[in-house]
Each structure stands twice: as structure tokens, then as C-alpha cells.
Amino acid sequence: METKSSILELAKREFKTLSVTEKKFFQAVADGNAADFTTGITENDNPADAQNWKKKRVLKSNRIEWICTDPEASKKVTRKGVILIGLRIDGVLDLSHSNIPFQLIFDQCAFLDSIDLNNASIKSLYFLGTHTGPINGYFLNVAGSVFMRDGFKAEGEVNLISATIGGQLSCTKGEFSNKDGRAINADNLKVESSVFMRDGFKAEGEVNLMSATIGGQLDCTKGEFSNKDGKAINVANLKVESDVFMRDGFKAEGEVNLMGATIGGQLDCTKGEFSNKDGKAINADKLKVESSVFMCDGFKAIGEVNLMSA
């Protein structure tokens, strides 16, 4: 009981008057439970309609910032972290330069503004079926995994430049849209395990993984990448310890740039479709592959396939 009341008392002291939503949120965090605001009706819980959600499903971003960064409050968060389900978060969520020793889980939530994670350190970070604006994670450090998957949608650039992820980066069934720029900008990203952009993953705008280091595999099976007037995927100088899969329904509209990449296993493009009719469909100058390269069994390329000096 002490932990429950102490978090609530700290919140009352900080914010004076708490709404019913805020009380439920702080109580759930204190209990180590999810703060679940879903209705159980699929159409009513769609984050795409969050603009029309009632006030009881709306939380100000500074409430999350406070519980993550206030020295007293953050110490009282249980090992289960902060779990939000079916909430709309209003205002820019600014967790930049913060050290958060617990996981953050946003499930079927909606962020109407941007999320700032620049230079932040977090235990684990999960966006499941959540809709967001731009995410800025320059030099973000995550001890565990980062999930942006299962219905996740981002409008604007997701920036993971020079970020470090101790587990995996999973974007399976995630949608990233920034058609006038980079949908994912992850130059010099370091991922200890694998990166998944597969099974319904969609990107409108360049996916940039230049000079990234991946300790497992890069799996883009059945992923769709579209950047008609530029690079669909830019993985120049990428280092992957295991395999790269661009196969079985993989589609790229725009150049797939593998120049100078090093792949510790195989490059499998079986049944993949690569289209860049006015240029290079695959640009793999100086590519290094330790095992095999497969471009067969339904593989299609519209545009040049360049493997010079590979």
C-alpha cells in the first residue's frame, strides 16, 4: 500500500488536481499493471480515430515525462515499467537526455505530436499497434529491444541515427511514411541482435541504414519499400553478421543500395521484386558476401543489377 499511495501523493503534489484518467494511470503504474483504456470494440479502439476519443482516454504527455524523470517517482515504478493501452497522448513527449531504468510499452495508443528520445537511455521500448508522428532517437540507447510493430504507424521521419539497441529492432507489420524524405533514418545504428522489416512492413520514403551494424540478420521478407525517385533502401557500408533476406514477396520501388556492405551469411532475393526502371534496381558495387547470393525462382528486376567488384 505504501508504494501505491506514495506515487499518487507525489503526483498530487506535482500536479495539484488529478483527473480520473490520471489517477487510473498513476495507480496502474504503482501496482505494476497496465493502464488499459480500451473499450473492447475494435472500431472504437482504432488509434486512427484517436482525434475523436473522449477526454477520459486522453493523457497529457508531461504526466509520462514526470513519472519517467522525477527522481522520487521513477524509483517507485515497478520492474514491469509503464504500460499504456488505448490512450491518446497529447503534446510533445520529451524524454530526451533522460535515464529511464524500466520499460515503456505503448499498445494501441496515439501520439498526435512528436516523440523526442534524443540521447535517452531506456530499458526496453515497445510501440505495438500505436500511431505516432515523427520520432527523434538520435543517440538513443536501449538495453533491450525496440518494437515498432503489429499495426504501428509513423507519420514523419523515425530517426535512429547512431542509436544502440541491445536486443532486436522489430518493425514487423509496421508502417512508416515520410514520402518527401526518409521514413527511417538510422545511419550508424548498432543492433546487437536482428532487424526485422517483414510480413506487412511498409515504408513510403527512404529506409536508411547506412553504416549500420547488425549482430544477427536483416530480414525484409514480404516487406514493401517505396521511394520512387530515390533509394528505397540504403544500406551502403552495412555490416550484418548473419543473413540478409529480401525474398518471398519483398518489393522495392526505387534503388536498393548495397554498396560496400558486408554480409556474414547469405543474400537471399528469391522471389523478390526490385524496380527502378530509370536507374539501378540493385546497386551492390564492392559488396562482400561470406556465403551465397540467390536471385532466382521468381526474382524480378526492372533496372540495372550492379555487382561490380563484389
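The values are calculated or read from the model by the stated rules, or taken from the named source; none is laboratory data. Small disclaimer: the values here were computed from a predicted structure and weren't measured. FYI the Cβ positions are ideal-geometry reconstructions off the backbone, even for glycines, and counts take in every protein chain you see. Just the protein is used for accessible areas: all its heavy atoms, side chains included, with ligands, DNA and RNA removed. Shrake-Rupley method; radii C 1.70, N 1.55, O 1.52, S 1.80 Å.
Each residue of the range 70-85 was assigned a 3J(HN,Hα) from its phi angle through the Karplus curve 6.51 cos²θ - 1.76 cosθ + 1.60 (θ = phi - 60°); the sequence is 5, x, 6, 5, 5, 5, 9, 6, 6, 5, 7, x, 10, 10, 10, 10 Hz, with glycine and proline shown as x.
With contacts defined as alpha carbon pairs under 8 Å and 6 or more residues apart, what's the relative contact order of the range 153-310 in percent?
15 percent
Other residues with beta-carbon under 9 Å from the beta-carbon of Leu10 carry, at +1 per Lys or Arg and -1 per Asp or Glu, a net charge of -1. Each residue of the range 173-186 is assigned a 3J(HN,Hα), and the resulting list reads 6, x, 10, 10, 10, 7, 4, 9, x, 9, 6, 10, 10, 10 Hz, derived from the Karplus form 6.51 cos²θ - 1.76 cosθ + 1.60 (θ = phi - 60°), x at Gly and Pro. Spacing of the modelled spin labels on Glu9 and Glu72, each 7 Å from Cα toward Cβ, amounts to 0.9 nm. Largest first, the three principal axis extents of the alpha carbons in the range 1-80 are 38, 24, 19 Å in whole numbers.
Per atom type, the range 112-245 shows carbon and sulfur on 40% of its accessible surface, probed at 1.4 Å. Based on the reciprocal of the average 1/r between different C-alpha atoms, the Kirkwood radius for the chain equals 20.2 Å.
Computing FRET efficiency as 1/(1 + (r/R0)^6) for Glu304 and Arg79, where r is the C-beta to C-beta distance and R0 is 51 Å, gives about 0.45.
The candidates Met246, Met210, arranged from most to least accessible area with a 1.4 Å probe in the full protein assembly, appear as Met210, Met246. Once the Cα-Cα distance is subtracted from the 0.36 nm per residue extended length, the Val20 to Asp297 segment shows a gain of 93.9 nm. Accessible surface area normalised per residue over the range 136-250 is 36 Å², counting heavy atoms of protein chains with a 1.4 Å rolling probe. The base-10 log of I(q)/I(0) for the range 1-147, evaluated at q = 0.12, 0.15, 0.16 Å⁻¹, reads -0.45, -0.72, -0.83 [Debye formula, identical scatterers on Cα atoms, solvent excluded].
Per-residue ellipticity at 222 nm from helix content only, as computed over the chain with -39500 (n - 2.57) for each DSSP H run of at least four residues, stands at -4000 deg cm²/dmol. Computed over protein heavy atoms with a 1.4 Å probe, the accessible surface of the range 1-132 works out to 48 Å² per residue. Between the range 269-310 and the range 64-91, the C-alpha centres lie 46 angstrom from each other.
Its Cα gyration tensor gives the range 74-214 an equivalent ellipsoid; the semi-axes, largest first and in whole Å, are 21, 18, 14. Spread over its residues, the convex hull of the C-alpha atoms of the range 133-191 is 65 Å³ per residue.
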